[in-house]
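These notes are about the structure you will find just below.
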Amino acid sequence: MADYLISKWSASSWLLAGALLLPACSDFPKDPEKTLKRVENGTLVVGYSENPPWVVQGNPEPTGIEPALVKAFAQTLHARVRWRKGTEQTLFEDLEKRKIDLLIAGLTDESPWKNEKAGFTRSFVEHRKKKHVMAAIQGENAFVMRLEEFLYQREAAIAQRTQP
Amino acid sequence: MKKLARFEFPPELVPDFKKAKRLEWISIAYFISSVLVIFLTMGNSQTMKTAWYDDVLSLTPPIAFQVASRVFMKTPNKDFPYGYHRVVNIAYLCSAVALFALGAFLVIDSTISLVKTEHPTIGIVVIGGHPIWLGYLMIAALMWSTIPSVILGRKKLPLAQHLHEKNLYTDADMNKADWMSGFAAMLGIVGIGLGWWWADSAAALLISVDIVHDGFTNLKQAVFDLMDQTPKTVSGQQSDPLLDQVRDVLASQSWIKDFSFRMRENGHIYLGEGFVVPVQEENLTQHIANTAQTIEQLNWRIQEFVITPVPELPDDESA
């Protein structure tokens, strides 16, 4: 009985200590495929599919609400953006094969691609009762978290821009 | 029709029974809160999904206990001369089947997610204007679903032994063992944070194997109970020492030449039949009545012991 207690409490306290120490590490959570490290001071490959006013076809690069956000986000990472045009179908395949880092197409959280291998961000704006999201590589949590934090800071500005 | 006497716990056990009922109400309220907390932080983690099912399933034994404890003490009547004790076994079988089936489903589900190399995506949530990684909340939720459960389990265990309440015992035992699956789940989430995508499905697989194990243990016990297995101690390890006491009483009667008996469990209580070869037939009915009474007074659990005089015992029958 005593042994059992000791082992239980030591296990719990180890865990507790671990959980408390984790936020101390700056790179937690980590990316399994190190997307954030690769993009920082490097290149952010963004797939886009036209869906005005969220993503508008432009020359040489897309314009609209989401491309503007992506450019500002890339700046915070000191990364340059490489654009890649496609259909949602091909872009989600690219995302699964990690050929692109981020996919924008005016996606909402009701997207039929929701069950594909992709990591959807939390919604950054609600427009006409639709919650808008972006899609990153599945499970790249450091990257997703950095993007979500960025989008959260811009929430008020985005909401203003999308006012009807 | 001869009905069983109305069952009541002996006075000294009534406080324990009330305490058990109160603890099971607390368990119900607690597991509902835990189910809610896990649901709110589930995200798309396989571990959290499994932990959620685990908590939902943990609700069934206390609910079964409350329902059964309302029914099993009902007075036996014309339609149910043996009373309502079997309700306990039926409730037990149902929850065991649910546990086993869902456990099996979760093993398959977690294996698929492991094989498909699903990488769990866990982002941030915003609480009071502060963005925070959802993984931390998951760990907090898992602590809430683990630590109180272990405490409840440890409190219920001795009561289950006093009351000879097998469902309560298994429930308490499962609660007590919750720290293992809780620990595995927390490791799974910490693993995700360390960039090990497989930690999530692996932890989920471990927890679901544990659910299957619980389910199998319960299923076996429930089936054995319904098949009138000879009475066992609450922990199910060895046959009840009460059987030896019954044997001693029968052996010490000078009017009995030879005897054989069998007993079965009916919910909390035992029913038994003794077959005796009397030395002589003088005062036979009086002897039978006295001996039956002595046996029934051995312990509150022996509800009825029927003694039948026989001219001789079959060859292979001997106490």
* Structure fact -> Residue hits (the stretch B:187-203; in a helix (DSSP H, G or I) and within 7 Å of chain A (Cβ to nearest Cβ)) are B:VAL190, B:ILE192, B:GLY193
* Asked: Is one or more of the residues making up the stretch B:241-252 in contact (Cβ under 8 Å) with a residue 24 or more places away in the chain, part of a loop (DSSP other than H, G, I, E, B) and of a type outside the set (Val, Ile, Thr)?
  -> no
* Any chance A:TRP113 is away from every other protein chain (no Cβ under 14 Å), of a type in the set (Phe, Trp, Tyr) and either free of Cβ contacts under 8 Å to residues at least 40 places away in the same chain or more than 28 Å from A:ASP27 (Cβ to Cβ) (or both) -> no
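Let's see how each residue does on (1) at pLDDT 95 or above; (2) under 23 Å from B:ILE211 (Cβ atoms):
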| position | (1), (2) |
| --- | --- |
| B:MET1 | no, no |
| B:GLU8 | no, no |
| B:VAL14 | no, no |
| B:LEU23 | yes, yes |
| B:ALA29 | yes, yes |
| B:ILE32 | yes, yes |
| B:VAL35 | yes, yes |
| B:GLY43 | no, yes |
| B:MET48 | yes, yes |
* To do: Scan A:ARG128, A:ARG122, A:ARG161 and give me the residue that is charged (D, E, K, R) and buried (at least 18 other Cβ atoms within 10 Å of the Cβ).
  => A:ARG122
* Structure fact -> Picking from B:ILE139, B:ILE147, the residue that is among the aliphatic types (A, V, I, L, M), more than 24 Å from B:ASP109 (Cα to Cα) and within 11 Å of another protein chain (Cβ to nearest Cβ) would be B:ILE147
* Structure fact -> Listed by first then second residue, the pairs whose first member lies in the stretch B:67-85 and is in a helix (DSSP H, G or I), whose partner is surrounded by 14 or more Cβ atoms within 10 Å (Cβ to Cβ), with beta carbons under 6 Å and at least 6 positions apart or on separate chains, are B:ALA68/B:VAL87; B:ALA68/B:VAL88; B:ALA68/B:ALA91; B:VAL71/B:TYR84; B:VAL71/B:VAL87
* Would you be able to say whether some residue in the stretch A:55-66 is acidic (Asp, Glu), under 21 Å from A:TYR152 (Cα atoms), touching a strand residue (DSSP E or B) at 6+ places or on another chain (Cβ under 7 Å) and surrounded by 21 or more Cβ atoms within 10 Å (Cβ to Cβ)? => yes
* To do: Filter the stretch A:18-51 down to residues that are modelled with pLDDT under 90 and either within 12 Å of chain B (Cβ to nearest Cβ) or within 30 Å of A:ILE104 (Cβ to Cβ) (or both), then give me how many there are.
  => 10
* So which of A:GLU93, A:GLU61 is away from every other protein chain (no Cβ under 13 Å), farther than 26 Å from B:PRO131 by Cα, free of Cβ contacts under 8 Å to residues at least 24 places away in the same chain and not in a loop (DSSP other than H, G, I, E, B)? -> A:GLU93
* Asked: Hey, A:GLU126 hits all of (1) more than 11 Å from chain B (Cβ to nearest Cβ); (2) assigned to a helix (DSSP H, G or I) but one; which does it fall short on?
  -> (2)
* Structure fact -> Checked the stretch B:48-70 for anything of a type in the set (Val, Ile, Thr) and either farther than 20 Å from B:GLY193 by Cβ or in contact with a Pro (Cβ under 8 Å, 6 or more places away or on another chain) (or both); matches are B:VAL56, B:THR60, B:ILE63, B:VAL67
* Across the stretch A:37-58, which residue is farthest from A:LEU147 (Cα to Cα) among those that are in a strand (DSSP E or B) and aliphatic (A, V, I, L, M)? -> A:VAL56
* Kindly provide the set of residues from the stretch B:223-269 that are under 14 Å from the mean Cα position of the chain (by Cα) and charged (D, E, K, R), ordered by number. => B:ASP225, B:LYS232
* Within the stretch B:150-159, considering residues that are in contact (Cβ under 8 Å) with a residue 12 or more places away in the chain and surrounded by fewer than 24 Cβ atoms within 10 Å (Cβ to Cβ), the one farthest from B:PHE72 (Cα to Cα) -> B:VAL150
* Applying the selection to the stretch A:70-90, what residues are under 24 Å from B:HIS119 (Cβ atoms), assigned to a helix (DSSP H, G or I) and not polar (S, T, N, Q)? -> A:VAL70, A:PHE73, A:ALA74, A:GLU88
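The values are calculated or read from the model by the stated rules, or taken from the named source; none is laboratory data. Everything numeric in this text was worked out from a predicted model, so none of it was measured. Methodologically, a virtual Cβ is constructed for each residue, glycine included, from the backbone with ideal geometry; neighbour enumeration extends over all protein chains shown.
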